[in-house]
Amino acid sequence: MNIGIDICLGIPDHLAELEQLYAEAFPSENLMPLVAKLLAEKDIVLSLAARSDGELLGHALFTICGIAGQSDDTKMEVALLGPVAVAEATQRQGIGRALIRAGLQRLAANGIVQIFVLGDPGYYGRFGFRVDDRIATPFPIPGQWRAAWQSMCLQQRQALPPGTLTVPTPWRDPSLWS
Ligand SMILES: CC(C)(COP(=O)(O)OP(=O)(O)OC[C@H]1O[C@@H](n2cnc3c(N)ncnc32)[C@H](O)[C@@H]1OP(=O)(O)O)[C@@H](O)C(=O)NCCC(=O)NCCS
């Protein structure tokens, strides 16, 4: 990493700085409605912000999810990673990596068994994510995105039985998956 950053837990005080960050990182889509709804789900969302001298340079969200059909006895918590945004001027300097690693560590320490992501395998593969063909996405994804649906285990345990990811309300929008 070339710049000193602090990774802090919690929701940035001002949504305006998040709006600016997400608009820069995703110029062709508006993820703020999703981000704002996720931030309101404080009990099931991990929000990490990267700052340098107080300036917001990156943000990552992790949502606790489940697998459809699990009984209470066998219930295991899993998580979904995303979105992740890094300010354009400071991309490719390790900020995204630091945010993701910090989140994975926290989730693993809290017993989350597996984490999923829909994203570029060229990037997420670096963290150990691999294509997942056992757990289905909550909504259909385009066929050409199959390789983008990935997961990694966070605990030493057997793989989850086949199933479907269940997501909380903010993620229950088919357009987010297509
Ligand atoms: C993708 C993103 C989160 C990565 O964070 P970052 O801080 O810029 O990247 P890092 O420093 O962690 O990683 C840099 C490395 O990953 C590679 N990389 C970055 N984005 C990549 C991508 N989309 N696909 C493949 N590799 C990528 C870089 O080439 C670099 O490789 P190197 O170390 O061999 O030079 C950030 O660039 C970003 O916000 N991009 C726009 C929004 C986005 O696509 N978000 C992710 C989807 S939710």
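For this structure, a couple of remarks:
- Taking residues in the range 17-43 that are in contact (Cβ under 8 Å) with a residue 24 or more places away in the chain, and partners anywhere that are of a type outside the set (Gly, Ala, Ser) and open to solvent by 60 Å² or more (accessible area, probe 1.4 Å), the pairs with Cβ atoms closer than 7 Å and at least 6 places apart or on different chains are GLU24/GLU88; ALA25/GLU88; LEU39/ILE11.
- Here ILE135 passes the criteria (1) closer than 26 Å to LEU18 by Cβ; (2) open to solvent by less than 10 Å² (accessible area, probe 1.4 Å) except the one numbered (1).
- A single member of PRO161, PRO170 is of a type outside the set (Lys, Arg) and either in contact with a Gly (Cβ under 8 Å, 6 or more places away or on another chain) or open to solvent by less than 30 Å² (accessible area, probe 1.4 Å) (or both), and it is PRO170.
- Filtered by the rule that a residue be surrounded by fewer than 18 Cβ atoms within 10 Å (Cβ to Cβ) and among the hydroxyl-bearing types (Ser, Thr, Tyr), the range 34-80 gives SER52, SER71, THR74.
- Output for the range 70-105, where each listed residue is over 13 Å from the mean Cα position of the chain (by Cα), outside any loop (DSSP other than H, G, I, E, B) and away from the ligand (no atom under 16 Å from the Cβ): ASP72, ASP73, THR74
- Scanning the range 106-126 for residues that are part of a helix (DSSP H, G or I) and either of a type in the set (D, E, K, R) or within 7 Å of the ligand (Cβ to nearest atom) (or both) yields ARG106, GLY122, TYR123, ARG126.
- Applying the condition of being touching a helix residue (DSSP H, G or I) at 6+ places or on another chain (Cβ under 9 Å), aliphatic (A, V, I, L, M) and modelled with pLDDT of 95 or more to the range 88-110 and asking which residue is most open to solvent (accessible area, probe 1.4 Å) yields LEU104.
- Subset of the range 138-154 [open to solvent by 60 Å² or more (accessible area, probe 1.4 Å) and touching a strand residue (DSSP E or B) at 6+ places or on another chain (Cβ under 6 Å)]: CYS153
- Filter pass, PHE129 being under 13 Å from LEU80 (Cβ atoms) and free of Cβ contacts under 8 Å to residues at least 24 places away in the same chain: yes
- Some residue of the range 125-132 being open to solvent by 60 Å² or more (accessible area, probe 1.4 Å) and of a type in the set (Asp, Glu): no
The values are calculated or read from the model by the stated rules, or taken from the named source; none is laboratory data. Here the structure is a predicted model, which is why all the values come from computation and not from measurement. Note: ideal-geometry Cβ built from the backbone for every residue, glycine included; neighbour counts use all protein chains shown. These accessible areas exclude ligands, DNA and RNA; they are computed on the full protein's heavy atoms, side chains included. Shrake-Rupley method; radii C 1.70, N 1.55, O 1.52, S 1.80 Å.
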